[in-house]
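A.B. asks: Here's a structure for you.
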Amino acid sequence: MEPVNLMSLNLTELKEFLDSFDHVFSDCDGVIWSKVPLPGVGDFFDRIKQLGKTVHFVSNNSLRSQKNYEDLFEAANIKNGFENLTVPSIAIAEYLKSVDFNKAVYCVTCPETINILKSYGFTCKYGPETGAKLYSDYVQYLEDDEEIGAVVFDSDFNVNLPKMYRAINFLRRPEVLYFSGATDRYVPLKPGCLCLGTGVFTDIVSEEANREPISLGKPGKLFGEFAMKRAGVTDPSRVLFIGDMIEQDVGLGRATGFKTLLVLTNNTRENMMAHPHLKPDYYADSLGSLVPVINNV
């Protein structure tokens, strides 16, 4: 079916839309804020809660600290945002905890993911941040480390060849677990501008190691199910997932069984319609643009 423009619904259709879900899961970057909160987002979530829906947040961004997230939610006038947020670093740590993991983790991740893993009691190894001057000396990055029992990729914007060499080498041992957090091939660095993300490096390592990671970031189904579990939600068909990225957000919704709403803060309708296989159920210009619409109910 063709995506439905929520701005075009009459009152009866709007009520049917609102009756079709009980829970809202929303992405953050590009949906709630860019560098600062987008207009009307706090009012949108307040109105959604007034209509009896629960509100939760699901982001691929493990880069932010708790304080940074809390400050952004506060600026957006969203209460208890961080308490209701699921990010890959937490999902990966919880997974390792659930399988009684007791070896070291090799991290090709942002520092905050390392901090989260350490806070759960896991030993983390990482680096090097720079490689040897001579390519012939890169052989040192092919040495194994029997202490490593898992490799994690999650938003390392300082990824380099030595780190990739080490990760590929560790993954040659089939017993080594392999996780990916954020898989974004593109990220919105400013409104209307998508730039290469770190997901491309995870793809390269996966191909070279001939391994598929356990995906605990969008659009992985396991990540969506983990977010549901944390939120106490059991029926994915009663969830509306809001995002701004087709591959990551609409992809997660399709994989998990959510209804999907795409806001066009970093996409155009033309781009949305041109995607070969992923289209949202609904779309709107922004969350702020929906406030006067749902206020009619």
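Quick note: the coordinates plus some simple rules give every number you see, no bench work behind them. Note that the coordinates shown come from a computational prediction; the quantities given were computed from them, not determined experimentally. So basically every Cβ, Gly included, is an ideal-geometry build from the backbone, and we count neighbours across all protein chains shown.
A.B. asks: Roughly what % of Cα-Cα distances in the chain sit above 23 Å, to the whole percent?
C.D. replies: 56
A.B. asks: A follow-up question, please. Rounded to the nearest angstrom and ordered from largest down, what semi-axes does the equivalent ellipsoid of segment 184-297 get from its C-alpha gyration tensor (root of 5λ)?
C.D. replies: Over the Cα atoms of segment 184-297, the semi-axes work out to 26, 20, 11 Å.
A.B. asks: Something else about it: Once the Cα atoms of helix 41-50 and of the chain are each reduced to a long axis, what angle between those two axes, in degrees from 0 to 90 to the nearest 10, is obtained?
C.D. replies: Rounded to the nearest ten degrees, it is 70.
A.B. asks: As I understand it, the dipole of the chain uses +1 on the Cβ of Lys and Arg and -1 on the Cβ of Asp and Glu, about the Cα centre. Which of Gly251, Leu18, Ser98 lies farthest toward its positive end?
C.D. replies: Farthest towards the positive pole: Leu18.
A.B. asks: With +1 assigned to the C-beta of every Lys and Arg and -1 to the C-beta of every Asp and Glu, and no other charges, what is the dipole magnitude of the chain about the Cα centre in debye, to the nearest 20?
C.D. replies: 240
A.B. asks: Using the Cα centre as the reference, give the magnitude of the dipole from point charges on the C-beta atoms of segment 33-174 (Lys, Arg: +1; Asp, Glu: -1; all else neutral), rounded to the nearest 20 debye.
C.D. replies: Dipole of segment 33-174, to the nearest 20 debye: 280 debye.
A.B. asks: Going by alpha carbons, how many degrees (0 to 90, nearest 10) lie between the helix axis of 199-209 and the longest principal axis of the chain?
C.D. replies: So the helix axis and the longest Cα principal axis differ by about 40 degrees.
A.B. asks: If you count, for each residue, the other Cβ atoms within 10 Å and average over each peptide, how do 237-243, 53-59 line up from highest to lowest?
C.D. replies: Highest mean packing first, the order is 237-243, 53-59.
A.B. asks: Placing +1 on the Cβ of each Lys and Arg and -1 on the Cβ of each Asp and Glu in segment 88-215, which of Phe179, Asn158, Ala209 has its Cα farthest towards the positive end of the resulting dipole?
C.D. replies: Projecting each Cα onto the dipole axis, the largest value belongs to Asn158.
A.B. asks: Here's something else I'd like to know. Between Cys193, Leu142, Asn296, whose Cα lies farthest towards the positive end of the dipole of the chain when Lys and Arg beta carbons carry +1 and Asp and Glu beta carbons carry -1, centred on the Cα centre?
C.D. replies: Checking the options against the dipole of the chain, the answer is Asn296.
A.B. asks: Antiparallel DSSP bridges in segment 88-215: what percent, to the nearest 5?
C.D. replies: Counting only bridges with both partners in segment 88-215, antiparallel ones make up about 20 percent.
A.B. asks: Let me ask something additional. Kirkwood hydrodynamic radius (Cα pairs, Å) of segment 88-215?
C.D. replies: So the Kirkwood estimate lands at 15.0 Å.
A.B. asks: Under 21 Å between alpha carbons, and skipping anything fewer than 8 positions from Lys279 in its own chain: which lysines qualify?
C.D. replies: Output for Lys279: Lys218, Lys221, Lys259.
A.B. asks: How big is the dipole moment of segment 81-151 about its Cα centre under a simple scheme where the beta carbon of each Lys and Arg is +1, that of each Asp and Glu is -1, and everything else is neutral? Debye, nearest 20, please.
C.D. replies: Using only the charged Cβ atoms, the result is roughly 140 debye.
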